[in-house]
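Below is one structure; the comments refer to it alone.
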Amino acid sequence: MNEQPTAARPTTDIDLLKGHLEAVFFAADEPLARTHISGLFPEEPPENLERALRQLKLDFSGTSRGIHLVEVAGGFQFRTNADFNQAVLRLYEVRPFKLSKAALETLAIVAYRQPVTRAQVDEIRGVDSSGMVKKLNELELITVIGRMDDIGRPNLYGTTQRFLQFFGLKGLSDLPTLDQLEIDFEMILENGSQEEE
Amino acid sequence: MATDPLRTTPPELLVRLDAFEGPLDLLLELIRKHEIDVFDIPISFITEEYLRFVRSVETVDLEIGGEWLEMAALLIFIKSKMLLPKEEFPNDEDGPDPREELVERLLEYQRYKAAAQGLDSRAMLERDVFTHPEKSREFTSLLGPPPIKEASLSDLLEALERVVARSKVDGRWVYEVSSQQLTLRSVILEIADVLTNHPRIRFEDLFEHGDLSRHRIVTTFLALLEMTRLKMIKLFQSRLEGDQLWIERSIFDIDEVSQLLELHHE
């Protein structure tokens, strides 16, 4: 076979595989899990796939790239760089989607305390949360994942896959722990005790 | 404790009550502003500040939710307990602190407030980051045009009345004999056709072509009801433009559905 003399070094298998993966991620409508990806390339050795994924992720990262390859909800997905959100919003001619403080609080309680009943959420927030629970349920950020074995068998709520996608989380374990969050509060406590002599 | 508890709430705190998510939120803010040690809350000071705040809202004549009064009652209860002589507890210092439960609730609430802020600071979909638009229709549907109120049957009837009024000459119906066969199905297809090119139209737009016979108006009305029932369209009332009634297609390919409808009938 006659190789073209001027051709640059032929692409390696890894480069070719990266190209395949790039095409697949571009066309996918959901984050693609590793198992899903390896199913698409059954003849490819797992270590090659892993290497290609790692390199592709590196390629699609950094502050100047418009598109990032991110790990979210147990898969890989192309997403726009958050630094350029204003440009995309101008393109769509819309205001960004916003969750209210009340909705975020309710969501945080469900995320950390799941499975949790609405009454338990109310108790922590000290206000009625039925409207927020309903809204988050409609947005498919939370869902009923069971019934509590108690009087009235109240619904137990938990977060959804979409919740992970929404907040760019690999999984629930990707959330900072409450202990970590408590460190923030320690600082407030310290400010408080400074008052005392 | 209670070094200088008579400082008053700074004016910037005297804002609207609905700036706070609830009584716990307000208490935390008071604690933060006055740099109070949460484990040793000067309860009479904080009660006073809390009540002052709630009262200032009451004088503006706003309705206050029960939870605000409930917290006020709890604070007063704790305050009165604190005033009781301590002799009931033989071990002096080991008696239960009446503030303990409240402090725990405040701490727990504070944790989730921090968790909420943590979520908010993440790169959020449809706000900070976006995926392939065609592939994430379910997300982009959150955006859409500014919301308008969904129309009720009475809104529809009112809009109908306006068209009927227009159609009458000198308050009477114009009677006409038409050779045109107007069926419910043909009108549905007609409306579907218009909606294919215009996702959102005004109710009145359907009567622009001059045919304002009673038969046409009634059939159009029935067609809209039927299309609403089939979830092909949604009826909206504009908030901004008076009582304007809008018809919006609620399925993506209305043409395809109307074709299905045709097959179904023939």
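Computed from the coordinates by the stated procedures, all read-outs in this text should not be read as laboratory data. What you see is a predicted model; the values in this text were computed from it and never measured. With ideal geometry, Cβ positions are generated from the backbone for all residues, glycine too; neighbour counts draw on all protein chains shown.
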* **Shielding by partners - mean other protein chain Cβ count within 10 Å, residues of A:97-110** => 6
* Tilt relative to chain A, helix A:13-27 - C-alpha long axis, 0 to 90 degrees, to 10 -> 50 degrees
* To do: Obtain the nm distance between the two label points defined at residue B:101 and residue B:84 by a simple spin-label model: each point lies 7 Å from its Cα along the Cα-to-C-beta direction.
  => 1.2 nm
* Asked: Each label point is 7 Å from the Cα along the Cα-to-Cβ direction; what then is the distance between the points at residue A:173 and residue A:153, in nm?
  -> 3.4 nm
* Structure fact -> Under a Gaussian network model of chain A whose springs join Cα atoms within less than 10 Å, the largest fluctuation of A:44, A:105, A:93 belongs to A:93
* Ignore the peptide's own chain and count Cβ atoms of other chains within 10 Å of each Cβ in A:147-155; give me the average, rounded. => 0
* Asked: If eta is 0.692 mPa s and T is 37 °C, what Stokes-Einstein diffusion coefficient results for chain A, Kirkwood Rh from Cα pairs, in µm²/s?
  -> 159 µm²/s
* Once both labels are modelled 7 Å past Cα along the beta-carbon direction, what's the residue B:76-residue B:225 spacing in nm? -> 5.6 nm
* Structure fact -> From the cross-link list A:170/B:231; A:135/B:33; A:101/B:33, the entries with a Cα-Cα span beyond 29 Å are A:170/B:231; A:135/B:33
* Förster-model FRET efficiency, 30 Å R0, residue B:29 and residue A:114, C-beta, rounded to 0.05 -> 0.60
* If R0 is 60 Å, what FRET efficiency do you get for residue A:64 and residue B:194 from their C-beta distance, rounded to 0.05? -> 0.85
* Asked: trypsin sites (Lys or Arg not before Pro) within region A:109-161: which are DSSP loop residues with at most 11 other Cβ atoms inside 10 Å?
  -> none
